[in-house]
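The structure appears right after this line, and notes come after that.
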Amino acid sequence: MYNSTVSSCSNCDANCVACLSGSNCINCLSPYFNQSGSCILNCSSLSHCSDCAYDFSISIYSCTTCDLEFQNINNLCQPICGDGFIVFGLEGCDDNNTVSGDGCSNICTIEPGFNCTNSSNQPSNCTLIFFAMTPLFNVKDNNANQFTMSYSLEPPFLPIYSRVEWTQAITVNGFNATVSTVTYDPVQNRLLVTAQYNQNIGDSDIGFNLNPPSLGNFFSAIVPSTVSCSSSSENNLKLDFYESNAYALAAIT
């Protein structure tokens with residue numbers, strides 16, 4: 001455009017209709033406004049957007065840069081779920097991952113049966129508020145004074161069940177027996193507790209002491225308890241004690 005002040009032509013920047021030089025605009029094209037000689041957009045109409053663009057053909061703003069801890073999804077700035085930073089009011093939790101089953105879901109909502117503590121600038125801390133083991137049956141090892149007790153777990157099918165060290169949280173109560181292995185079956189949601197015993201248990205009830213807090217912070221709110229079951233209930237085998245040579249003779253015959 002012709003600049004009468006300096007009697008010469010100036011090539012104004014885009015979105016500028018009158019300027020003293022290419023970098024010094026005096027009149028901006030709407031909806032841009034002049035700020036210190038530059039034409040800029042007011043992006044305040046777009047939530048959590050720090051920089052935006054304007055499409056004159058359809059008269060619509062679009063966000064080009066979202067605020068920190070936000071991402072652009074379909075032209076909307078939304079919290080980044082899984083980054084470990086809680087956006088209060090928009091996220092129920094954010095535990096630094098997008099895996100469901102750990103208290104905070106893959107869309108950053110608190111899952112049923114959990115409580116999540118949120119603090120600024122750090123991941124959410126989610127813990128179970130309910131946990132139960134229901135005895136199903138036992139299977140006696142025919143070659144040793146050993147049996148495996150099966151339990152169903154509530155809440156069911158949590159991924160963390162396959163990651164914790166169960167042996168440090170379960171002990172036998174009231175009998176001369178020792179827990180040797182504990183494994184979780186994620187297909188059937190069963191906890192398999194194998195114990196070796198050094199006395200005749202027979203038809204007596206077997207109690208397992210459960211100390212969930214020793215499994216880590218995830219179980220910290222669960223109160224220790226004793227889970228009892230009968231070794232002679234339906235589908236169970238009597239847990240009789242035999243000397244090792246008795247098993248050897250049985251194997252020969």
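FYI, it's all coordinate maths here, none of it is from the lab. Please read these numbers as outputs of a predicted model, since none were measured by experiment. Because the Cβ atoms are built from the backbone with ideal geometry, glycine has one as well, and the counts that use them run over all protein chains shown.
Some values worked out for this structure:
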| item | result |
| --- | --- |
| Over the range 1-134, volume per residue of the alpha carbon convex hull, in Å³ | 123 |
| Approximate spin-label separation Thr226-Asn121, in nm, with each point projected 7 Å along Cα-to-Cβ | 4.9 |
| The range 135-199, relative contact order in percent, only Cα pairs under 8 angstrom and at least six apart counted | 35 |
| Extension gain, Phe157 back to Ala18 (0.36 nm per residue minus Cα-Cα distance, nm) | 43.4 nm |
| Normalised contact order of the range 71-162, rounded percent, pairs of Cα under 8 Å and 6 or more residues apart | 20 |
| Once the Cα gyration tensor of the range 132-230 is diagonalised, semi-axes √(5λ) in Å | 23, 15, 12 |
| Projected-area mean, the range 80-123, by convex hull of Cα positions, square nanometres | 2.6 |
